[in-house]
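J.: Quick one: the structure is below, questions incoming.
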Amino acid sequence: MAKTITDVVCPFCGTLCDDLEVGVSDDGKKIIDVYNACAIGAEKFLHSQASDRVTRPRMKQEDGSWKEVSYDEAVEYTATTLAAARKPLMYGWSSTNCEAQAIGTEIGEIVGAVMDNTATVCHGTTLIAVQDVGVPSCTLGEILNRADRIVFWGCNPAHAHPRHMSRYSIFPRGFFTGKGAKGRRMIVVDPRVTDTAKTADMHLQIEQGRDYELLTALRVAFKGEWLPDTVAGIPKKTIYEVADLMKSGRFGIIFFGMGVTQSLSKNHNIDQAICVTRDLNEYTKWNIMPMRGHYNVTGSGEVWGWLHGFPFALDLSRGFARYNPGDTTSNDLLVRDEVDAVFVIGSDPGAHFPNSSVKKIWDLPSICVDPHLTPTTAVCKLHVPVAFVGVETGGCAYRMDNVPIECRKVVDPPEGMMTDLEFLERVTARVRELKGA
Amino acid sequence: MATVTLKPIKVPDLRLEADNIKPDAFAGKKAAEIADLHVFCGNTRYSLGEFFEVTGEGGATAAETEVVIDGDVSRVKYIGMKMTAGSVLVKGNADMYVGAWMEGGTITVNGDADAFAGMGMTGGEINVLGNAGNYLGAAYRGDWRGMQGGVIRVVGDAGSDIGTFMRGGEIIVNGNVDVHVGTHQEGGTIIVKGDARSKVGGQMVEGDIYVFGDIEVMMPGFQHIGDVDIEVDGVSGRFACYKGDMGERHPRRKGETIYGKLYLKY
């Protein structure tokens with residue numbers, strides 16, 4: 001007979017579902033099943049139970065083989081590497097809790113590191129745009145209860161945030177949205193016919209890389225001004241129709257993803273989408289929200305926001321915070337040979353960075369703190385496996401709408417394994433000794 | 001005019017941050033004092049003399065000081081940043097932030113200048129004889145004031161995002177430019193003598209953009225209002241004039257709405 005733990009928070013994507021139920025064995029040591037989660041979320045819990053999981057730090061040897069080392073040795077290598085570096089890059093921070101992010105930032109301050117999170121290849125451009133023109137936003141709860149016009153622009157929640165549409169945006173019945181999906185109009189803007197696009201009332205199959213033009217055309221259409229016959233492959237008649245549809249709602253929301261943040265125009269796409277939202281507020285209530293990927297990438301931006309004023313690409317090398325994406329962002333630093341050590345936690349640049357950047361990580365003294373075996377652990381010199389946050393340890397995470405949610409511990413980590421927080425605390429203490437800080 | 005010559009003797013392994021390379025910092029100093037000024041590689045402080053052989057001495061004021069960098073400094077950032085007077089000549093390539101926030105004086109880069117050159121500048125002159133990178137004469141992140149005065153001339157091509165949030169001054173690019181020209185522009189003039197790819201004048205409030213070559217894809221917020229015969233930077237010709245960006249806010253002055261103007265040469 002298994003026990004069921006309720007109200008478990010899913011540490012996978014930025015939707016941060018908080019209604020999971022996890023069945024554990026009577027001794028509370030093993031996860032048997034996961035309920036309510038999507039396939040990806042369930043796998044995250046079950047993967048922690050893998051029999052071939054790495055449970056001790058490993059150091060790469062000269063012949064390319066791996067040798068198991070103690071956590072003490074791992075702390076020593078990490079601390080001495082970071083303390084000796086003149087410009088270490090401390091990257092990742094998105095799949096760990098805010099407590100670990102805060103203590104990690106302390107290490108960055110002591111050693112004079114550049115701190116960057118996964119937003120750098122994701123929603124960093126959103127953060128640039130928000131700084132340029134502000135952001136009218138809301139919480140997912142407000143969307144559930146009020147929204148009747150939903151736009152998904154360059155994102156595919158059916159696959160990337162599988163429970164988003166059922167929990168918040170399209171299907172649920174809320175206080176003022178009693179008819180559920182029937183009372184909502186859904187517009188998808190995507191060059192591909194995605195599974196999200198297939199469920200939409202209106203799919204604008206836009207030419208790739210022309211989002212900025214289409215967003216501009218919408219703003220022109222709101223004002224009733226002249227438009228060319230087609231913009232971004234969309235006939236002007238359709239654009240005027242969409243503009244009217246957007247104006248006619250009671251409460252609208254634009255969700256957007258990688259399709260606009262990392263395609264041509266990048267931050268300008270978001271800048272213009274925010275201006276579209278701002279313009280719509282002349283007629284009715286509209287909001288805009290990024291579909292954040294990692295479950296706590298929002299949290300790392302929040303933590304650095306309150307500690308240093310910038311949400312990513314934070315350069316602490318000269319003892320004060322500087323920020324300029326294009327200069328202080330991970331890939332620019334790596335490709336331009338501006339860093340001399342790399343520390344990665346809670347993310348996988350080995351899989352997501354360009355090959356030219358990954359090669360640089362391979363060449364440099366490098367540490368990867370991650371519960372899994374990933375392409376990044378393969379290119380780093382030291383791999384420190386840790387407990388899964390949200391499964392084997394709790395901690396605070398921020399949902400995509402900037403709502404903080406406390407994750408729950410469900411089972412114990414394998415014996416003798418450290419959490420991110422414990423490891424970083426040990427490294428901080430040692431770095432302090434080495435730097436005399 | 002007193003001349004200070006910096007000859008690169010060591011290539012920095014990480015990039016060098018040398019915001020002290022400007023007439024303002026060198027004025028009134030002897031060679032040894034200049035060599036003693038600080039530069040940074042990451043978190044570590046070095047002296048200028050470890051990377052450059054310094055000869056000559058600064059003039060009494062910045063205006064009377066000429067700085068000559070006799071070699072390639074493509075790994076040295078912040079050359080001429082915030083300078084107010086005098087001149088800087090770079091005989092090779094320069095890294096990011098050449099003349100960022102400069103207020104006066106002249107910078108000449110014989111080679112290429114990397115990104116963020118002339119960012120937020122309010123006066124003075126930057127001449128790049130090679131190519132310029134992205135964000136030429138643009139605003140610093142989050143600032144609504146890009147280039148506000150002065151002149152930037154690029155003999156080669158320029159990258160993307162030139163003149164973002166520009167509010168005054170002039171950018172002249174002889175070659176081609178990448179996407180986003182004068183985004184959020186609210187004053188000043190951008191002249192592109194080659195081709196521009198797309199996103200020209202997006203979210204433009206006011207100011208002028210001239211393109212002599214082609215624009216691959218026009219922004220939908222621009223309306224053709226007629227043709228004009230004008231002289232632009234010494235070149236006379238007939239230009240098609242567009243107003244925009246019609247989706248953006250526009251001020252009213254003397255009962256008239258002010259638009260950004262985009263001129264395309266026939």
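Taken together, the values in this text are just the output of simple stated rules run on the coordinates, not laboratory data. Because the structure is a prediction, the values reported are computed rather than measured. Cβ coordinates were reconstructed from backbone atoms using ideal geometry, including for glycine residues, and neighbour counts include every protein chain displayed.
J.: Once R0 is set to 25 Å, what does the formula 1/(1 + (r/R0)^6) return for the Cβ-Cβ distance between A:Leu46 and A:Ser166, expressed as a FRET efficiency to the nearest 0.05? Show your work: numbers first, answer last.
T.: Numbers: r = 21 Å, r/R0 = 0.85.
The formula returns an efficiency of 0.75 here.
J.: Here's something else I'd like to know. Which of the three applies to the range B:108-153, rounded, prolate or oblate, going by the alpha-carbon gyration tensor with a ≥ b ≥ c and a/c under 1.5 meaning rounded?
T.: Working: a/c = 3.56, a/b = 1.51, b/c = 2.36.
Oblate, because a/c is 1.5 or more while a/b does not exceed b/c.
J.: Considering the alpha-carbon set of chain A alone, what are its Rg and its Dmax in angstrom?
T.: Answer for chain A, Rg first and Dmax second: 22.7, 70 Å.
J.: Here's something else I'd like to know. Using a cut-off of 21 Å between alpha-carbon atoms, which lysines can reach B:Lys261, once sequence neighbours fewer than 8 places away in the same chain are excluded?
T.: A:Lys223, B:Lys193, B:Lys199, B:Lys243
J.: Given a cut-off of under 8 Å on Cα pairs at least six residues apart, what relative contact order in percent is computed for the range A:10-160? Working shown, then result.
T.: On the way: 106 pairs, mean separation 17.8, N = 151.
For the range A:10-160, the relative contact order is 12 percent.
J.: Let me ask something else. Pull up the cross-link candidates among the lysines for B:Lys22, meaning alpha carbon to alpha carbon under 16 Å and not fewer than 8 places away within one chain.
T.: B:Lys7, B:Lys30, B:Lys77, B:Lys82, B:Lys91
J.: Based on the mean of other beta carbon atoms within 10 Å per residue, what is the order of A:166-179, B:19-32, most packed first? Numbers along the way, then the final one.
T.: On the way: A:166-179: 16.4, B:19-32: 20.5.
Highest-to-lowest ranking by the protection proxy: B:19-32, A:166-179.
J.: Ok, one more. Return the aspartates and glutamates within reach of A:Lys3: Cα separation strictly under 17 angstrom, same-chain partners fewer than 8 residues apart disregarded; answer none if there are no such residues.
T.: Hits, sequence-local ones excluded: A:Asp19, A:Glu21, A:Asp26, A:Asp27, A:Asp33, A:Glu392, A:Asp412.
J.: Taking neighbour counts of Cβ atoms within 10 Å as a proxy for exposure, in what order, fewest first, do A:Tyr398, A:Tyr295, B:Tyr263 appear?
T.: Values: A:Tyr398 23, A:Tyr295 31, B:Tyr263 20.
Least crowded to most crowded, the residues run B:Tyr263, A:Tyr398, A:Tyr295.
J.: Ok, one more. Provide the percentage of antiparallel DSSP beta bridges, counting only those with both residues in the protein assembly as shown; round to the nearest 5. Don't skip to the answer; put the middle values down first.
T.: Working: 51 of 136 bridges.
Rounded to the nearest five, the antiparallel share is 40 percent.
J.: If you take every DSSP beta bridge fully contained in the range B:115-265, what fraction is antiparallel? Give it as a percent rounded to 5.
T.: Values: 17 of 44 bridges.
Around 40 percent of the beta bridges assigned by DSSP in the range B:115-265 are antiparallel ones.
J.: Okay, next question. Contact order normalised by length for chain B, with contacts defined as Cα pairs under 8 Å and 6 or more residues apart; what percent is it?
T.: Details: 940 pairs, mean separation 26.4, N = 266.
RCO, chain B: 10 percent.
J.: Here's something else I'd like to know. For chain A, what relative contact order do you get, as a whole percent, if you take Cα pairs closer than 8 Å and at least 6 residues apart? Don't skip to the end; give the middle numbers.
T.: On the way: 938 pairs, mean separation 106.9, N = 437.
Value for chain A: 24 percent.
J.: What is the calculated FRET efficiency for B:Glu256 to A:Asp229, with r their C-beta to C-beta distance and R₀ = 30 Å, to the nearest 0.05? Display every interim value, and only then the final one.
T.: On the way: r = 29 Å, r/R0 = 0.98.
About 0.55, to the nearest 0.05.
J.: Over the residues of the range B:115-265, compute the C-alpha Rg and express it relative to 2.2 N^0.38 Å. Numbers along the way, then the final one.
T.: On the way: Rg = 13.9 Å, N = 151, 2.2 N^0.38 = 14.8 Å.
Normalised Cα radius of gyration, the range B:115-265: 0.94.
J.: Calculate the FRET efficiency for B:Glu33 and A:Trp362 from the Cβ-Cβ distance with a Förster distance of 60 Å, rounded to the nearest 0.05. Intermediate results must be reported in sequence, preceding the final value.
T.: On the way: r = 43 Å, r/R0 = 0.72.
With R0 = 60 Å, the Cβ-Cβ based efficiency is 0.90.
J.: Excluding B:Ala27 itself, calculate the net charge of residues whose Cβ lies under 10 Å from the Cβ of B:Ala27, where each Lys or Arg counts +1 and each Asp or Glu counts -1. All intermediate terms of the calculation are to be shown ahead of the outcome.
T.: On the way: positive: B:Lys22, B:Lys29; negative: B:Asp24, B:Glu57, B:Glu64.
Net of charged neighbours comes to -1.
J.: Another question, if that's okay. Hand me the trypsin sites (Lys or Arg not before Pro) from the range A:1-86 located in a DSSP loop with no more than 14 other Cβ atoms within 10 Å, in residue order please.
T.: On the way: sites: A:Lys3, A:Lys29, A:Lys30, A:Lys44, A:Arg53, A:Arg58, A:Lys60, A:Lys67, A:Arg86; in loops: A:Lys29, A:Lys30, A:Arg53, A:Arg86.
Sites meeting the loop and neighbour criteria: A:Lys29, A:Lys30.
J.: With the crude spin-label approximation of a point 7 Å out along Cα→Cβ, what separation in nm comes out for B:Ala60 versus A:Arg53?
T.: 7.6 nm
J.: Which trypsin sites (Lys or Arg not before Pro) from the range A:293-372 combine a DSSP loop assignment with at most 16 other Cβ atoms within 10 Å? The partial results should precede the final answer.
T.: Values: sites: A:Arg318, A:Arg322, A:Arg336, A:Lys359, A:Lys360; in loops: A:Arg318, A:Arg336.
Here the sparse-neighbourhood loop sites are A:Arg318, A:Arg336.
J.: Let me ask something else. Alpha carbon centre of the range A:364-407 versus the range B:22-78: separation in Å?
T.: 44 Å
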